[in-house]
Amino acid sequence: MSHDFPQRIRILKILFAAVCLVFAGRLFDLQILQYDKYDAEARAQHEQKSILTARRGKILVKKNRYSSEVTPLATNHTLKMLFVDPLLLTYPNFGSKDEVESQERGNPQLVASMLAPLLINAHCEEIDSCPLEIDPQKMNAREQTIIQAYQQSLVQIFMETERRRVVLNTDVDPIRQETIRALNLAGIKIEYGNIIADPVQITNIEQVAEELAPLVGSTSTDLTPFLQKRKKRYVEISHKISPQISEKILELKRDPEFRKLFRGIQLINEHWRYYPEKTLAAQTIGFLDRSGDGQYGIEGRFDEILRGHEGEISGSTTTSGQQLLGKGFGIRGAQDGSDIVLSIDRVIQNAVEKILEVDIKKFDADAGQVIVIEPQTGRILAMAHAPTFDPNNFGDVFSTFTVTEKKEEFDRADKNFNRRIPTIKSEKGYLFRYFNIWGPAVFRNKIVLDEYEPGSVIKSLTMAAAINAAEVTPQTTYNDNGPIEVDNFKIRNSESEYNGITTMIDVINKSLNTGIAFITRKMGAQMLHEYLKNFGFGQFTDIEIDGEAKGQLEFWQDWEESELITRGFGQGFTASPLQVALSYGALANGGYLMKPLLIEKIISPDGEEESFESERIRRIISEETYQTIKAMLLNSIENGVARGAGVRGHSLMGKTGTSQTYRNGKALTGLGTTITSFAGFGPYNDPKFVILVKLDYPKVSQWGSETAAGTFRRVADFLFDYYQIPPED
């Protein structure tokens with residue numbers, strides 16, 4: 001016995017040492033090896049951080065050309081969002097110790113009847129002349145029907161105190177869908193490939209969870225909470241509620257007679273990017289998406305500068321959550337975003353958009369763009385697009401309606417159907433079309449981002465280049481005696497009319513392709529290519545909008561003779577409308593290619609301003625050539641095919657353009673197959689503006705002289721009035 005005792009003591013000591021070693025190892029692991037991890041967790045429990053939001057910078061323009069005062073096209077707005085607690089609407093005293101079912105019931109129907117006339121106008125503002133009438137006795141029959149339907153939808157939302165729709169899985173493959181349907185589980189249904197649970201209808205949660213879990217990639221334990229009944233406490237009803245409507249709702253909540261009934265109605269502040277001019281310059285401005293990120297236009301390009309930097313309040317807290325000011329407390333202030341002032345003239349932009357909106361309908365065009373620039377500075381005064389969108393409600397462009405396969409086949413077979421209208425096919429095989437016809441394509445600033453074959457507007461540049469190179473003069477003649485055969489092609493005039501001995505003046509007046517063939521052959525490929533490059537084609541303008549189109553202009557050594565000729569009248573190379581407008585700016589300002597000026601100022605939060613000035617890129621033609629081509633383009637509007645662009649009593653210079661389009665490499669012909677345009681400037685003695693009009697696929701006429709020229713005339717007429725330029729003698 002005495003012999004075993006020391007042995008046992010030794011064993012106990014060894015065991016004790018082993019235990020101590022294990023604890024020491026564990027302490028070493030926790031305190032040394034995993035120190036950073038647990039230190040971070042401890043800090044997270046005792047530190048609080050609050051984000052200080054930064055004010056996003058405004059996008060501003062001058063109110064008009066006579067004022068230095070600016071007005072916002074993009075600013076920040078605080079509006080109310082209304083949400084409801086259906087449980088409180090049904091049981092206004094909820095919160096006491098009594099069971100819900102034994103409590104006094106509210107009157108959700110009455111609340112819905114009072115809110116419906118207000119919320120139906122939730123986004124109206126006085127400047128929109130929206131109907132703010134809330135007295136049913138003063139509504140017409142149609143208005144009453146709309147209000148009643150909306151009221152019924154609110155009643156359903158207000159009285160649904162249990163959650164009835166839980167999405168368990170999305171995009172389920174067809175085989176699993178059929179398997180789930182075959183189970184015939186109460187409260188489980190499939191909608192458009194999504195598995196939906198209605199907890200109220202589920203009678204045996206354990207069974208449903210057990211059978212459904214493997215089919216949704218889950219376990220019965222994890223799935224069960226989603227199948228259980230829960231009270232519905234939060235339903236968003238309306239966002240961006242106008243101040244007038246918000247105040248009327250708050251009045252009802254404050255009214256002693258209704259205060260209790262409206263306990264489940266709540267209004268909270270939401271901060272929104274707000275575009276007070278709605279569609280004005282939408283493609284230039286862009287928009288802020290749901291995540292607060294800038295998309296397209298200035299919002300996208302200058303997102304970082306506009307958004308600023310968030311701040312932070314941080315510090316340690318007690319176990320009860322009280323701030324310890326001396327323990328790690330710190331404040332990093334938010335840095336607001338900078339404001340950006342654009343060159344856009346609000347008055348011109350607004351007027352041009354209205355003209356364009358009317359004219360794309362008048363000429364039945366798919367779309368249209370107009371750009372107005374100041375030739376001496378390159379300042380962009382307007383970039384108008386139609387159709388357009390409202391950045392406040394950018395999501396509306398994604399709204400679609402279903403199309404049957406039979407309808408789709410019928411439309412595509414109909415020769416009068418516009419085949420460019422997109423139809424979307426979902427993964428499930430459903431067909432949709434956009435309510436706005438073109439969907440998110442309206443976001444694009446086509447003036448900057450898209451390229452096209454500019455067509456006959458380029459003839460003015462080719463003529464200016466030839467005159468500047470002393471290859472021709474206005475009085476130079478050639479024999480226009482028929483089509484020109486070259487490289488197995490025939491170069492024809494647009495109307496297949498030929499005029500015999502013809503001057504360069506008539507080449508422009510009558511827009512003769514054969515005359516351009518005569519000129520380009522004299523110039524040669526290298527010279528024409530050099531002038532086209534000098535006019536800005538095939539290179540970026542460096543405008544401050546992401547995704548700018550460079551255009552395609554092949555190197556001159558790769559040209560066939562037929563390509564030399566067609567490039568002289570705007571075919572066989574592509575350009576953006578912006579590039580074409582800037583090239584005409586050189587014809588209007590004495591021969592200088594200007595860098596486009598869209599951003600005039602960036603104003604930092606502390607008031608410091610960074611200004612941007614106009615910039616000449618290069619001189620292309622001489623003063624003498626400038627005066628000569630200007631006179632020829634004046635004559636074109638007064639006596640040529642461009643006469644439809646003239647404004648009585650005022651001098652204008654310009655040229656028509658009609659561009660062919662292609663399908664499968666073959667040129668299309670007829671109505672609705674061309675892109676028509678008109679480029680010009682005025683007045684003669686001191687050009688103040690350059691205008692480029694581009695209409696996509698007009699179906700009333702295929703010619704620029706009969707479509708875009710009319711739009712140009714209306715824009716020019718407005719500008720003469722706006723600039724207060726009196727009629728000339």
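Here, each number is a calculation from the coordinates, and none is a lab measurement. All figures in this text were calculated on a predicted structure; none of them were measured in a lab. Every residue, glycine among them, receives a Cβ derived from its backbone with ideal geometry; neighbour counts consider all protein chains shown.
By a straight-distance test (C-alpha under 18 Å), which lysines pair with LYS522 as possible cross-link partners, with residues fewer than eight away in the same chain excluded? The reachable lysines, counting only those whose Cα sits under 18 Å from LYS522, are LYS459.
Scan segment 481-559 for GluC sites (Glu not before Pro) in coil per DSSP, keeping those whose Cβ has at most 10 other Cβ atoms within 10 Å, and list them by number.
Numbers: sites: GLU485, GLU495, GLU497, GLU530, GLU544, GLU548, GLU554; in loops: GLU495, GLU497, GLU544, GLU548, GLU554.
Answer in residue order: GLU497.
Could you state the angle between the C-alpha long axis of helix 623-639 and the longest principal axis of the C-alpha atoms of the chain, as a value from 0 to 90 degrees rounded to the nearest 10? So the helix axis and the longest Cα principal axis differ by about 90 degrees. Relative protection proxy for 166-179, 508-521, 338-351, from highest mean packing down: 508-521, 338-351, 166-179 (other beta-carbon atoms within 10 angstrom). Could you work out the relative contact order of segment 166-227? I mean the mean sequence separation of Cα pairs under 8 Å and 6+ apart, divided by the number of residues, in percent. Normalised by residue count, the contact order of segment 166-227 is 34 percent.
Can you pick out the pairs among LYS58/LYS446; LYS62/LYS278; LYS231/LYS428; LYS533/LYS655 whose Cα atoms lie more than 22 Å from each other?
Values: LYS58/LYS446 24 Å; LYS62/LYS278 16 Å; LYS231/LYS428 34 Å; LYS533/LYS655 20 Å.
The pairs that break the limit, which is 22 Å between Cα atoms, are LYS58/LYS446; LYS231/LYS428.
Mind checking which aspartates and glutamates have their Cα closer than 20 Å to the Cα of LYS415? Skip sequence neighbours fewer than 8 apart in that chain. Within reach: ASP364, ASP366, GLU405, ASP696. Can you tell me the equivalent ellipsoid semi-axes for segment 452-644? Use √(5λ) from the Cα gyration tensor, largest first, whole Å. Those come to 34, 19, 14 Å. In terms of Cα to Cα distance under 25 Å, which lysines are near enough to LYS138, apart from those fewer than 8 places away along the same chain? Answer for LYS138, where 25 Å is the Cα cut-off: LYS248, LYS253, listed by chain and number.
Only Lys, Arg, Asp and Glu count, each charged at its Cβ (+1, +1, -1, -1), so figure out the dipole size of segment 452-644 about its Cα centre, rounded to 20 debye.
780
Remark: spin-label model distance TYR430-ARG142 equals 2.9 nm, labels positioned 7 Å along the Cα→Cβ axis. Taken about its Cα centre, the chain carries a charge dipole of about 1100 debye when Lys and Arg each add +1 at the Cβ and Asp and Glu each add -1 at the Cβ. With helices as the sole contributors, the chain gives -10000 deg cm²/dmol at 222 nm; each DSSP H run of n ≥ 4 counts as -39500 (n - 2.57), and the sum is divided by every residue. Can you list the chymotrypsin sites (Phe, Trp or Tyr not before Pro) in segment 375-432 that are in a DSSP coil and have 14 or fewer other beta carbons within 10 angstrom? Filter output for segment 375-432: PHE417, TYR430. Extending 7 Å from Cα along the Cβ direction at LEU183 and again at GLU270 yields two label points whose distance is 3.5 nm.
Annotation: peptides 608-615, 377-384, ranked by per-residue average of other Cβ atoms within 10 Å with the highest first, follow the order 377-384, 608-615. The chymotrypsin sites (Phe, Trp or Tyr not before Pro) found in segment 224-304 that occupy coil by DSSP, while having at most 13 further C-beta atoms within 10 Å, are TYR234.
Labels on offer are (i) -0.41, -0.56; (ii) -0.34, -0.49; (iii) -0.30, -0.43, and the one holding log10 I(q)/I(0) by the Debye sum over Cα atoms at q = 0.05, 0.06 Å⁻¹ computed from this structure is (i).
Here the contact order of the chain, divided by its residue count and restricted to Cα pairs under 8 Å and six or more residues apart, works out to 13 percent.
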